[in-house]
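The values are calculated or read from the model by the stated rules, or taken from the named source; none is laboratory data. Remember, predicted model here, so these are calculated numbers, not experimental data. All Cβ positions, glycine included, derive from the backbone under ideal geometry; neighbour counts span all protein chains shown.
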Amino acid sequence: MTKTHEAPKDSAVDGCDADQRRKQRGMTLIELLVVLVILGLISVIAVPRVMTFLGGAKSDAAGIDMKRLAGILDLYRLDNGRYPTSEEGLRALSEKPGGAERWRGPYLDNPESTNDPWGAPFIYRAPGEEGRPYMLETLGADGQPGGSGENADQSL
């Protein structure tokens, strides 16, 4: 049996110096904790701002949806000579109401598109206030009259 002689492993032999070996070991527990604390601080600052932005987006979408419904109501009036009554409501845009002889609908493909961004149906009244032919309204995120920000009422 012959014994082979192995050279001692040092930086000259294995091509790695001490700095490279230390980098290959990974992160220490303290370094991981520091990273987690930094990520926690970022989330505490960023999440409320993102949620405020998303809330404002739903309020903006409610206004856009009401304007879209107003245009569809105008098409209904052009075909039928009148706006839907309060009793017929926005349902008249997707289902033919009784007595609407010239109804050429459905004016909406999806009856659920008469819901606000929070899932509640838009409120429709005809005639509207101050001499307007109709009124469309949403009560905001809280579904209650009044409020501010995301909970504010919007009407058209």
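The table below gives the values:
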| item | result |
| --- | --- |
| Matching residues, the range 111-132, being in contact with a helix residue (DSSP H, G or I) (Cβ under 8 Å, 6 or more places away or on another chain) and of a type outside the set (Asp, Glu) | Pro111, Ser113, Thr114, Pro117, Trp118, Pro121, Phe122, Tyr124 |
| Count of residues meeting criterion [farther than 17 Å from Tyr76 by Cα and over 22 Å from the mean Cα position of the chain (by Cα)] in the range 119-144 | 3 |
| Checklist (1) at pLDDT below 85; (2) closer than 30 Å to Asp153 by Cβ; (3) surrounded by 13 or more Cβ atoms within 10 Å (Cβ to Cβ) applied to Ser86, failing item | (1) |
| Subset of the range 62-98 (residues that are assigned to a loop (DSSP other than H, G, I, E, B), of a type in the set (S, T, N, Q) and in contact with a helix residue (DSSP H, G or I) (Cβ under 9 Å, 6 or more places away or on another chain)) | Thr85, Ser94 |
| Test set (1) loosely packed, with under 15 Cβ neighbours inside 10 Å; (2) of a type outside the set (S, T, N, Q); (3) over 22 Å from the mean Cα position of the chain (by Cα) - Gly149 fails condition number | (3) |
| Single match in Glu150, Glu112, Glu101, Glu129 (criterion: without any contact (Cβ under 8 Å) to a residue 60 or more places away in the chain and either within 18 Å of Gly63 (Cα to Cα) or not in a loop (DSSP other than H, G, I, E, B) (or both)) | Glu112 |
| Residue that is nearest to Met51 (Cα to Cα) [pool: residues in the range 129-146 that are buried (at least 16 other Cβ atoms within 10 Å of the Cβ) and modelled with pLDDT under 90] | Ala141 |
| Single residue of the range 89-111 satisfying the filter (within 33 Å of the chain's Cα centre (by Cα) and hydrophobic (A, V, I, L, M, F, W, C)) that is surrounded by the most Cβ atoms within 10 Å (Cβ to Cβ) | Ala92 |
| Residue within the range 19-29 that is modelled with pLDDT under 90, surrounded by fewer than 11 Cβ atoms within 10 Å (Cβ to Cβ) and on the phi > 0 side of the Ramachandran plot present | yes |
